[in-house]
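The values are calculated or read from the model by the stated rules, or taken from the named source; none is laboratory data. Since the model is a prediction, treat every value here as computed from it, not as a measurement. Virtual Cβ from ideal backbone geometry, glycine too; neighbours counted across all protein chains shown.
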Amino acid sequence: MISTETIADKKYDLKSLSKPQLTQLCGELGLKKFRSDQIFQWLYQKGATSFEEMTNLSKDLRERLSSVAFIRSLQLHQKQTSRDGTTKYLYTLFDGNRVEAVLIPEFFPDGVADRLTVCVSSQVGCVFGCSFCATGKMGFFRNLTPGEIVDQITTINKDAFERFGKKITNIVYMGRGEPLHNFQSVMHSTDILTDPLGMDLSPKRITVSTVGLTKQIMQIADENRQFNLAISLHAASDEKRDKIMPINDSLDLNALKESLQHYHQKTDKPVTFEYLLFDGFNDTAEDARNLAAITRWLPSKVNIIMYNNVMGVELQRAREERLDAFLRHLSKERVRATVRRSRGDDIDAGCGQLAIRENQPRGKTIAKN
Ligand code: SF4
């Protein structure tokens, strides 16, 4: 809950609070619950960026609120649209840090927009240092607040509506950062997105991905969270996973298996295994057999993702013939996989490519080099 300091001691960043925390703050100000609902709605449904916009609150109340709290919003720094319609949004945060989000539109054959997916960032940089990932090379700087996560989505939603005449349909937490390493803020943000007074999205439309933080997977299970869970697997043996994902050193495939079986037991939900296919590294018949064995841990799907090469990374996107062979091996194992071709490669918006190109110091990382 919010700090025990009296509210006179500090000003609150409203969008860093969960809904219960906002209700608590309003309670401390002597406001009824419906007032905190109104404020919540202004922030997340109507996109208010100041108290002045909250016209169903009296002037007096707005002034009181602005004496104890403030509203911070992301500033759009740059927007780039790819040949395939994918758009990358680069935001500046209040402290000068930057994050990116991506809108990935899919179209019906007649050109009308079908699915509009937003890939959202949850941290500035990332500590986990996966060898293929541009964000991992930045190191970790800080977690985003729930408001900084939700703002990426609400601003893109507005843009999507102007461009395609419809709201975004899906959200994936697969941008910069490891979502479960910023557990509280990510959970609060999904609560806001699914709240009828927030974006009112079905949790089925939200996918949170993780490299396999087992304690947090267990917690998601115990809280019976209804969003979808995706595991960034990318290698199907400890030996190969160790080489590209330093997290596997401390949380290996056995630990992952245990947490996922617990997850399925508690939620009865399947998971998706995301598998970036790298040429000559994880695309052999043996890799396919290992991957098939992992899919039998619990009901699951496999997404094979065609990697967009990242400058300075040795691993390369698998050639088409290797992809075809890998799919044949999987099929022999009775595993059906969906192939996802990375989008927006001409604007560096593809999987693993999100990172600032400007020179900047490196943050914390668990990678050895
Ligand atoms: S793949 Fe995910 S966990 Fe790994 S370095 Fe990149 S952002 Fe971090």
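Quick one: is ILE192 part of a loop (DSSP other than H, G, I, E, B), in contact with a helix residue (DSSP H, G or I) (Cβ under 8 Å, 6 or more places away or on another chain) and surrounded by 23 or more Cβ atoms within 10 Å (Cβ to Cβ)? No. Restricting CYS119, CYS126 to residues that are within 16 Å of the ligand (Cβ to nearest atom) and in contact with a Ser or Thr (Cβ under 7 Å, 6 or more places away or on another chain) narrows the list to CYS126. Which pairs turn up if I take residues in the stretch 8-34 that are in contact (Cβ under 8 Å) with a residue 24 or more places away in the chain and look for partners that are surrounded by 13 or more Cβ atoms within 10 Å (Cβ to Cβ) and acidic (Asp, Glu) with beta carbon separation below 9 Å, at least 6 apart in sequence or on another chain? Short answer, once both residue conditions are applied: LYS15/GLU148; LYS15/ASP151; SER16/GLU148; SER18/ASP191; LYS19/ASP37; LYS19/ASP191; LYS19/ASP195.
Only one entry of LEU103, LEU90, LEU57, LEU116 meets the criterion of being more than 17 Å from the chain's Cα centre (by Cα) and either assigned to a strand (DSSP E or B) or within 26 Å of CYS26 (Cβ to Cβ) (or both), and that entry is LEU57.
Could you list, in sequence order, the residues of the stretch 236-261 that are over 22 Å from GLU333 (Cβ atoms) and not in a loop (DSSP other than H, G, I, E, B)? If the condition is that a residue be over 22 Å from GLU333 (Cβ atoms) and not in a loop (DSSP other than H, G, I, E, B), then ASP242, LYS243, ILE244, PRO246, ILE247, ASN248, ASP249, ALA255, GLU258, SER259 are the ones that fit. If the condition is being in a strand (DSSP E or B) and either under 15 Å from ASN290 (Cα atoms) or within 22 Å of the chain's Cα centre (by Cα) (or both), then the stretch 262-278 contributes VAL271, THR272, PHE273, GLU274, TYR275, LEU276, LEU277.
Within the stretch 198-227, restricting attention to residues that are closer than 30 Å to GLN41 by Cα and touching a strand residue (DSSP E or B) at 6+ places or on another chain (Cβ under 6 Å), the residue that is nearest to the ligand (Cβ to nearest atom) is SER209. Give the residues of the stretch 129-147 that are among the aliphatic types (A, V, I, L, M) and either within 8 Å of the ligand (Cβ to nearest atom) or over 15 Å from the mean Cα position of the chain (by Cα) (or both), sorted by residue number. Correct list: ALA134, MET138. Here LYS158 fulfils each of the conditions (1) part of a helix (DSSP H, G or I); (2) within 15 Å of the ligand (Cβ to nearest atom) apart from (2).
Out of the stretch 325-344, which residues are in contact with a Phe, Trp or Tyr (Cβ under 9 Å, 6 or more places away or on another chain) and of a type in the set (S, T, N, Q)? Once the filter is applied, which keeps residues that are in contact with a Phe, Trp or Tyr (Cβ under 9 Å, 6 or more places away or on another chain) and of a type in the set (S, T, N, Q), the stretch 325-344 yields only SER342.
Restricting the stretch 168-191 to residues that are among the charged types (D, E, K, R) and at pLDDT 95 or above, which is nearest to the ligand (Cβ to nearest atom)?
The residue in question is GLU178.
Considering the stretch 176-189 alone, what residues qualify as being surrounded by fewer than 24 Cβ atoms within 10 Å (Cβ to Cβ) and not in a helix (DSSP H, G or I)? Those that are surrounded by fewer than 24 Cβ atoms within 10 Å (Cβ to Cβ) and not in a helix (DSSP H, G or I): none in the stretch 176-189.
Looking only at the stretch 24-39, how many residues end up being farther than 15 Å from LEU61 by Cα and either hydroxyl-bearing (Ser, Thr, Tyr) or assigned by TED's automatic domain parsing to the domain that holds ILE149 (or both)? Final tally of qualifying residues: 0.
What do you reckon, is ARG98 surrounded by 19 or more Cβ atoms within 10 Å (Cβ to Cβ), in contact with a Phe, Trp or Tyr (Cβ under 7 Å, 6 or more places away or on another chain) and among the basic types (Lys, Arg)? Considered against the rule, which asks whether it is surrounded by 19 or more Cβ atoms within 10 Å (Cβ to Cβ), in contact with a Phe, Trp or Tyr (Cβ under 7 Å, 6 or more places away or on another chain) and among the basic types (Lys, Arg), ARG98 comes out as yes. ASP110 meets the conditions (1) under 30 Å from ALA48 (Cβ atoms); (2) assigned to a loop (DSSP other than H, G, I, E, B); (3) without any contact (Cβ under 8 Å) to a residue 60 or more places away in the chain in every case but one. The failed one is (1). All conditions but one from (1) within 16 Å of the ligand (Cβ to nearest atom); (2) at pLDDT below 95 apply to LEU315; the one that does not is (2). Identify all residues within the stretch 228-252 that are of a type in the set (S, T, N, Q), touching a helix residue (DSSP H, G or I) at 6+ places or on another chain (Cβ under 9 Å) and within 15 Å of the ligand (Cβ to nearest atom); write none if there are none. Residue satisfying the conditions is ASN248 alone.
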